[in-house]
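Visitor: There's a structure below that I have some questions on.
The values are calculated or read from the model by the stated rules, or taken from the named source; none is laboratory data. Predicted model only: the values in this text are computed from it and were never measured. Positions of Cβ are backbone-derived with ideal geometry, glycine not excepted, and every protein chain shown enters the neighbour counts. Remember, those area values only see protein heavy atoms, side chains included, never the ligands or the DNA or RNA. Shrake-Rupley method; radii C 1.70, N 1.55, O 1.52, S 1.80 Å.
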Amino acid sequence: MTTEQHVTYCRICEALCGVIATVEDGRLVKLRPDVDNPLSRGRVCPKGIAMVDVQNDPDRVLTPLRRRPDGGFDEVGWDTALADISQRLRRIVDQHGGGAVAHYLGNPAAFGYATSLWHGLFMKRLNSPHQYSPGSQDISSRFVASRLLYGTISQLPFPDLPRTDFLLMLGANPLVSHASALRSPRIKDDLADIVARGGRVVVVDPRRTETARSYEHVAVRPDTDAWLLLSMLNVLFEEGLTDDAAIAQQTTGVDQLRSAAAEFPPERTAERTGVAASVVRGLARDFASAPSAAAYGRTGACLGRHATLVCFLLDALSVVTGNLDRPGGTLFGRGVVPLEEFGERAGALSYDQVRSRVGNHPDVMGTFPAAIMAEEITTAGAGQIRALISTAGNPVLSVPNGKALADALPTLDLFVSMDLYVNETNRHADYVLPATTFLERRDLQWGFAAASPTVYMQSTEAVVAPYGQAREEWRVYDDIARLMGMSLLAQGPLGRFNSMFVFLERVAPARLTPRAIFEMLLRLGPYGDRFGLRRGGLNARRLRALPHGVVLAEHAPTGILREMVQHSDKRVHLAPNEILAEIGQLGDRHPDDAAFPLLMIGLRELRSHNSWMHNSETLMRGATPRRHRARVNPTDAADAGLVDGGRVRIVSPSGTIDTEVRVTDEVGPGTVAVPHGWGHDGGWLRANAAGGANVNDLTSSRSEDLERLAGMSVLNGVAVRLERIDESASAPGLHV
Ligand SMILES: Nc1nc2c(c(=O)[nH]1)N[C@H]1C(S)=C(S)[C@@H](COP(=O)(O)OP(=O)(O)OC[C@H]3O[C@@H](n4cnc5c(=O)[nH]c(N)nc54)[C@H](O)[C@@H]3O)O[C@H]1N2
Ligand SMILES: Nc1nc2c(c(=O)[nH]1)N[C@H]1C(S)=C(S)[C@@H](COP(=O)(O)OP(=O)(O)OC[C@H]3O[C@@H](n4cnc5c(=O)[nH]c(N)nc54)[C@H](O)[C@@H]3O)O[C@H]1N2
Ligand code: SF4
Ligand SMILES: [Mo]
C-alpha cells in the first residue's frame, strides 16, 4: 500500500482553507487542516473534512449517463456521449442559431479557473445571450453597485478586518458562512480581535444569528435596510459628521445624495425598520467618530427588493465618512491573477449592454436573471432556449419557482449537465456527464480571492487522479466545440471578450490551455515576474515550490482609488440616476397583504452547503438527526397553533411547502427563517431520505417581482402565512 500526503486547499467556500489530503493507493482517505497555511493556520470547518464523503460517495456519478425513454439512465462511453451531444447541438445551432443554446454555471464552478474561462469562451463562440448563474440569487446587486459607484463591476470592496475599529455588518453571518466577498478563513479570530483591541462589531440582522449573539445585535425588519441606511446617512449629513475633505477629493454627487437622504430622518423610518431612532443616531455617530470604520454586507443585503440600492448605500457610508481606500476602512483589491482587470480595461465586463427577451432585464456581466430561465425555455419565438448546458448547478432548488423550471426542462431539445451527482435539476437531463471534484484537478486562486485583507496566493496540483471516468469540465467544452467544428480560441472574431486574449495568443507557447493563460496572467499581474523584468516576482514554478501558499503583502493596498475607479472623471459617483430613482420609489412598496402577514428570510447552516452536501454521512449524523426546520417566533407559533417539532404549512403568493417547526425567539415576531437547498429527489439517497422542502417553491420567478437594477431574485422578505397541518391527516412518509 502506498500512502501519500498532499498539501492543497478546500474549494467549497470562499475561505479556501488549507488542507492536507491523505491518499492511499489512489483513493482519498482523509482531509485534515493544514497548520502551515499562513491564512487558515490549522482551521477548517466540518464541510471541509466531510468532502471525503463526497469524493468517495457511492452515489457519485462516475460514468456518462444517457436518458432512456422511460426516464432512467444508461451508462455510456464518453465517445458515444460526446458524439451525440455535439451532433444534436450542431443541428440546433444550424437551425436556430447559437442563441438557442443556454448555459447555467453553478456556484462550485467559481472556485476553479478552468471551467469559468472555458465555458465563457464556448458561449462567446456560440454568441448566445442565454447565460445564467447563481449571481442573480447571490451577488449581482453588489456588482451593479460597484459599477454605479466606481465604474468597475468586478470590484468587491471589502472591510480591512485586521485594522478596523468599527465593523458594521449587515445581512451576513460569517461565523456560519465563513464570509463571502471577503476572504478571511479565521474570521472568528478576526472579529474577536476587533473587540479585543477596543473596537466594535455591530450585526444588523432580523435573526439573532450565531454572529449576532457573539457581538452587538441590531434586529431589523426583513428587507428594510434601505430605509435604515438612508437614515444613517441622514444623521451623518444633518449632524455634520461627514468627512468633507475626503468627499471633495474622491467623489461627485454628494449634494444630491444629501438631499435624497434628507427625506429619511430616523424618526420617520423607525416604525418600518423596527430600529429605534436613538439606536440609528447612535450608530451613525459612532461609525463616523471611530478612528476607522467599515460597512460590509452579504446575502442579507443582496436578496431583497432593493438589493442594489442597499449594497450602494453600505459603500456610501464608508465613502462619506472618509473610510474608503484607507487602513481600517473599506478596501479595493488588485487581482494577483488580473483576469478581471484585463476584462474591465477591455470593456468586456458589461452591464445593461443587452436586455433579456423575457422581462427586459439588463445583463450583468453577460448574464441574465436565472429566475427567467424557465420562461425563456417555454416562450416560443426567435431566441427561445432549445438546449441547455448546466455545469455545477442545481437551479431547481436554488432558483425561485423551481417547479416551473423542473416542468420546463423536459421540453428542451437537449439538456446536458456536468455534475458530481444526479440532482433535482439534471435528473431531467438527456446526459449527465461525470465531473471531477476539486481534489481531482489543479487550481490557482483568483477572482473573489482578491477580496482579501492579506494579499495571498496559492496553487495546487490534483491530489488524486479522477475517479472512474470523471473528466475536467474545460476539456468537455473543448471536445464538444471541436466535434461541432468550432475552435474556442484560434479563429474568427470572439467579440469584445477576445481582446483580452489577442495578446495571449501572441505570446502563448503552443495550444492555449486554461493553465497556460492563468500562468501567464500571474506573471503579468501586480506580483508577477513580468517574464523576468521583475526580480523575485511570482511565476507558476515559484508558486509550486510554496505548496502552503505565499503571503505577498501583509495588508491589501490603500491609496489606489484613482487606479481602481474606471469612471472617466476618476471619482466615486454618489448620486447616479439609477440610485436616485430607486430612492424615489421607496415609497411605493407592494401594499401589505393581510393574507400573508409574515416575512420569510433565508438561513444557512454550518453543516449544509447550498443543496449539495446533504448526502454526507458525517454532516448528516449527530445527536439529533438533521432535518429541515423553519424557525418561528413563539408568538407567531401560538397564533398559528404550531408546536416545536410539529409540522407547518408555509404559504406564499407563489407556492406552498410543508416542513418542521422550530419555535425560537432568535427570530422576532413576524419573521420566519427557512434554510434553502432541501427537499431532495435526486440520485443522492441519504439526501432524499432527509426530507424537508424546497424553500424556492415559495419565491417568485415573475419578472415584475425581480429587483430592478440587477434582476435579483427576492429571496428575503417574502410575504408568507403559516398554517397548522393536521398531523393525523398528513400523508404517510412525511416524518423522517
Ligand atoms: N455552512 C455554509 N456556509 C456557506 C454556505 C452554505 O450553504 N453553508 N454558502 C456559501 C455561499 S454560496 C454564500 S453566497 C455565502 C453567504 O454568506 P452570508 O451572506 O454571510 O451567509 P448567510 O448565513 O446567508 O447570511 C445572511 C444573513 O442575512 C440575514 N438576512 C436575511 N434577510 C435580511 C434582511 O432583509 N436584512 C438584513 N440586514 N439581514 C438579512 C440572514 O438572517 C442571515 O443571517 O455563504 C457561503 N458559506
Ligand atoms: N432561497 C434561497 N435560495 C438560494 C440562496 C438563498 O440564500 N436562499 N442562496 C443562493 C446562493 S448564494 C447560491 S451560490 C446558489 C447556489 O446555487 P447552485 O449553484 O445552482 O446550486 P448548488 O446547490 O451550489 O449545487 C451545486 C451543484 O454542483 C455540483 N458540484 C459540486 N462540485 C462540483 C464540481 O467541482 N464540478 C461540477 N461539475 N459539479 C460540482 C453539486 O453536486 C451540485 O449538484 O443558491 C442560491 N439560492
Ligand atoms: S470554511 Fe469549510 S468549506 Fe469553507 S473553505 Fe474552509 S474548510 Fe472548506
Ligand atoms: Mo452564494
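Visitor: With all protein chains present, calculate the accessible area of Lys30 using a 1.4 Å probe and round the result to the nearest 10 Å².
Guide: Estimated to the nearest 10 Å², Lys30 gives 100 Å².
Visitor: Calculate the all-directions average of the projected area of region 598-729's alpha-carbon convex hull, and give it in nm².
Guide: Details: hull surface 36.2 nm².
Convex hull of Cα atoms, orientation-averaged projection: 9.1 nm².
Visitor: If you wrap region 19-78's Cα atoms in a convex hull and average its projection over all directions, what's the area in nm²?
Guide: So the mean shadow area of the Cα hull is 6.3 nm².
Visitor: For Gly528, which sequence-distant residues (separation of 5 or more, or a different chain) have an amide H within less than 5 Å of its own amide H, given hydrogens modelled in the peptide plane?
Guide: Under 5 Å from the amide H of Gly528: Leu538.
Visitor: Now for a different question. What shape does the chain have by the C-alpha gyration tensor, where a ≥ b ≥ c are the square roots of the eigenvalues, rounded means a/c under 1.5, and otherwise prolate means a/b greater than b/c and oblate the rest?
Guide: On the way: a/c = 1.39, a/b = 1.12, b/c = 1.23.
Because its axes are fairly even, with a/c under 1.5, the chain counts as rounded.
Visitor: Follow-up question, since we're still on this one. Taking loop as defined by DSSP and a crowding limit of 13 other beta carbons within 10 Å, which GluC sites (Glu not before Pro) in region 1-105 fit? All intermediate terms of the calculation are to be shown ahead of the outcome.
Guide: On the way: sites: Glu4, Glu14, Glu24, Glu75; in loops: Glu14.
Counting only loop positions with at most 13 other Cβ atoms within 10 Å, none of the GluC sites (Glu not before Pro) in region 1-105 qualifies.
Visitor: Continuing with the same structure: How are the alpha carbon pair distances in region 544-583 distributed across 10 Å bins from zero to the largest one, expressed in percent?
Guide: All Cα pairs, binned at 10 Å, distribute as 21, 26, 24, 17, 11, 1 percent.
Visitor: Turning to a different aspect of this structure: Could you give me the ³J(HN,Hα) list for region 295-306, computed from phi with Karplus coefficients 6.51, -1.76, 1.60 and θ = phi - 60°, whole Hz, x at Gly and Pro?
Guide: 10, 9, x, 9, 4, x, 8, 9, 10, x, 5, 10
Visitor: So, taking all protein chains as they sit and a 1.4 Å probe, how much accessible area belongs to Met520, in Å² rounded to tens?
Guide: Here the accessible area works out near 10 Å².
Visitor: Please compute the Kirkwood hydrodynamic radius over region 112-255, one decimal place, Å, based on all pairs of different Cα atoms.
Guide: Values: mean 1/r = 0.0549 Å⁻¹.
It is 18.2 Å.
Visitor: Now a separate question. Only sites in a loop by DSSP and with at most 13 other Cβ atoms within 10 Å count here; which GluC sites (Glu not before Pro) in region 203-286 make the cut?
Guide: Working: sites: Glu210, Glu216, Glu238, Glu239, Glu263, Glu267, Glu271; in loops: Glu239, Glu263.
Those satisfying the criteria are Glu239.
Visitor: Under 5 Å between amide H atoms, partner at least 5 residues away or on a different chain: which partners does Gln353 have, H built in plane at 1.01 Å?
Guide: Asp363
Visitor: May I have the count of lysine pairs in the chain with C-alpha atoms under 29 Å apart, counting pairs 8 or more residues apart or located on different chains? Each step should come with its number before you reach the end.
Guide: Values: Lys30/Lys47; Lys30/Lys188; Lys47/Lys188; Lys47/Lys403.
Here the count comes out as 4.
Visitor: Residue-wise, which Karplus ³J(HN,Hα) couplings in Hz belong to region 58-74, taking 6.51 cos²θ - 1.76 cosθ + 1.60, θ = phi - 60°, and x for glycine or proline?
Guide: Rounded to whole hertz, the list is x, 7, 5, 7, 10, 9, x, 10, 10, 5, 9, x, 7, x, x, 10, 9.
Visitor: If you don't mind, another one. Please compute, for the alpha-carbon atoms of region 589-644, the extent along each of the three principal axes and give them in descending order in Å.
Guide: 44, 28, 14
Visitor: Might you report the magnitude of the Cβ-based charge dipole of the chain about its Cα centre, with Lys and Arg at +1 and Asp and Glu at -1, to the nearest 20 debye?
Guide: Working: 78 positive and 84 negative charges, 357 e Å.
With only Lys, Arg, Asp and Glu charged at Cβ, the dipole is about 1720 debye.
Visitor: Give me the number: length gained by fully extending Arg534 to Val29, i.e. 0.36 nm times residue separation minus the C-alpha to C-alpha distance, one decimal in nm.
Guide: Contour length minus Cα-Cα distance gives 177.6 nm.
Visitor: Rg/Rh for region 348-409: what does it come to with C-alpha atoms and Rh from Kirkwood? Each step should come with its number before you reach the end.
Guide: On the way: Rg = 12.0 Å, Rh = 12.4 Å.
On the Cα set of region 348-409, Rg over Rh gives 0.96.
Visitor: For the chain, what does the helix formula give at 222 nm: sum of -39500 (n - 2.57) over DSSP H segments with n ≥ 4, over the residue count, nearest 500 deg cm²/dmol?
Guide: Details: 27 runs with 230 residues, N = 736.
Taking each H run of at least 4 residues, the total per residue is -8500 deg cm²/dmol.
Visitor: Using 7 Å Cα-to-Cβ label points, what is the Ala638/Ser214 separation (nm, one decimal)?
Guide: 3.3 nm
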